[in-house]
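What follows is calculated from the coordinates using simple rules that are stated; it is not laboratory data. Just so it is clear, the structure is predicted and the values come from calculations on it, not from any experiment. Positions of Cβ are backbone-derived with ideal geometry, glycine not excepted, and every protein chain shown enters the neighbour counts.
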Amino acid sequence: MEVRHDWLSSSPHEGFEQMRLKSRPREPSPSLTRVGANFYSTVKQQDYSASVWLRRKDKLEHSQQRCIVIFALVCCFAILVALIFSAVDIVGEDEDGLSEKNCQNNCRVALVENIPEGINYSDSAPSHLSLFQGWMNLLNMAEKSVDIVSSQWDLNHSHPSACQGQRLFEKLLELASRNIEIKLVSDILPVESKVLNDLKTKGAEVLYMNMSAYNEGRLQSSFWIVDKQHVYIGSASLDWRSLGQMKELGVIVYNCSCLVLDLQRIFALYSSLRYKNKIPPSWSKRLYGVYDTQNKLTLQLNETKSEAFVSNSPKLFCPKDRVLDIEAIYSVIDDAKQFVYIAVMDYLPIVIDTNAKRYWPYLDGKIREALVLRSIKVRLLISFSRDTDPLTFNFVSSLKAICTEVPSCSLKVKFFDLEEESACFLKEQKNTSLPKLNRNKYMVTDGAAYIG
């Protein structure tokens, strides 16, 4: 999601074409008419009943022709209707009467963050609402519905830091028992997750997306919609490690049905693909994006005039007017006038296919362009762990090299090693098989913020 607001600058009809079929009986040829008339006159002198039979036969032929035309029209209409309904493909979904004219855009926003145990910031460091408390606040506010998209569903574990995940799971079970509508989107089958299976038993609707049928990828989205009013978007999934071992960052937007109007369409798109193995030939208009880079949502965030829109990936899941994630990132970087600060888990511009690796230059190239051609100050904060690919350092060195002896080129790169940061914590936890990771993904410029 991209959010653009003024205060950041001061601190670090598409439809189906109608088909018309026209048909009319062919006119008999003049010679055939004359032959028929002469024959009719002769037979009429012999037997009146024969003349009646001929006239009825003529009428029968015309009736048959009309029936054929009508049947063809009915078939075409049936096919057209089938195409329309296959495109809609979300029977039962609605937006509760929400529209751009009646939605609420005077919103309140709060950053939420999970800091792993053993990580201590200085007293002067900014602090944010904890991720656990932010999620619990949303669930405590729920009166009608909770919609969640997550890549992981594992809230139970024997690890001491898993208690918050267990409490979150118990709260979801409580809401389900109170008949609050809960819909959960996952690329994990319920039988493969105790959390999903138990919530399904309590009445939650689990919507399975077979991602491998589309592009052999994984579902990485993570967002919540509560009562069609409140939204969470961020890096954390429904995993106890997101509440204990990982550094995560997200944003909660309260009382913002205008933003929900757009995000709900992404949720509806995911729902429409439940237990399916192919993308429909065309998307329903009700799945089109509401806002994009050229038509941003104008809203108030904490009484500050702002703009926002929601993006998605891959392109396969982007109907008309839906911004692709990489296009949103390009937009944020291109609009920056002074600086671009980026935090990522990995800086590795490589696509690893089944049998080969290939260079993926798009974001790496955009950063180089900002540094060299536009003199934008760039800061990178990259996660480091025992599993970090050594090629990461090669790409970072290459990036630094382009700034050599270029005075206007300003680049700084830092690696964030949470294991090292927590060295002062209990030794047995530092050496555990469950590493602490910096998993947040976001970007801040002098005019916008992007949170993924």
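Numbers below:
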{"item": "DSSP-loop GluC sites (Glu not before Pro) across the range 103-209, with at most 15 other Cβ within 10 angstrom", "result": "117, 143"}
{"item": "Per-residue Cβ neighbour rank within 10 angstrom, fewest leading, 451, 333", "result": "451, 333"}
{"item": "Burial ranking of peptide ranges 226-235, 271-280 (average Cβ count within 10 Å, highest at the top)", "result": "226-235, 271-280"}
{"item": "Neighbour-count order for 405, 369, fewest beta carbons within 10 angstrom listed first", "result": "405, 369"}
{"item": "Per-residue HN-Hα couplings for the range 185-199 [Karplus 6.51, -1.76, 1.60; θ = phi - 60°; Hz; x = Gly/Pro]", "result": "9, 8, 9, 10, 5, x, 5, 9, 9, 4, 4, 5, 5, 5, 5"}
{"item": "For residue 441, residues with placed amide H under 5 Å, excluding near neighbours", "result": "235, 249, 452"}
{"item": "Trypsin sites (Lys or Arg not before Pro) within the range 286-379: DSSP coil, no more than 12 neighbouring Cβ in 10 Å", "result": "320, 337"}
{"item": "Under the Debye formula (equal points on every Cα, no solvent term), log10 I(q)/I(0) of the range 336-452 at q = 0.09, 0.13, 0.15 Å⁻¹", "result": "-0.30, -0.60, -0.77"}
{"item": "Long-range amide H partners of residue 238 with built H, under 5 Å", "result": "151, 152"}
{"item": "D (Stokes-Einstein, µm²/s), Kirkwood Cα radius, the range 266-344, 1.002 mPa s at 20 °C", "result": "148"}
{"item": "Close Lys-Lys pairs in the range 336-452, where close means Cα under 20 Å and separation is 8 or more or interchain", "result": "18"}
{"item": "Loop trypsin sites (Lys or Arg not before Pro), the range 130-172, which have at most 13 other Cβ atoms in a 10 Å radius of their Cβ (DSSP)", "result": "144"}
{"item": "Viscosity 1.306 mPa s, 10 °C: Kirkwood-radius Stokes-Einstein D of the range 193-333 over Cα pairs, µm²/s", "result": "95"}
{"item": "Long-range lysine pairs (8 or more apart or interchain), the range 180-311, Cα under 17 Å", "result": "6"}
{"item": "Taking 416, 393, 309 and counting other C-beta atoms within 10 Å, the order from fewest to most", "result": "393, 416, 309"}
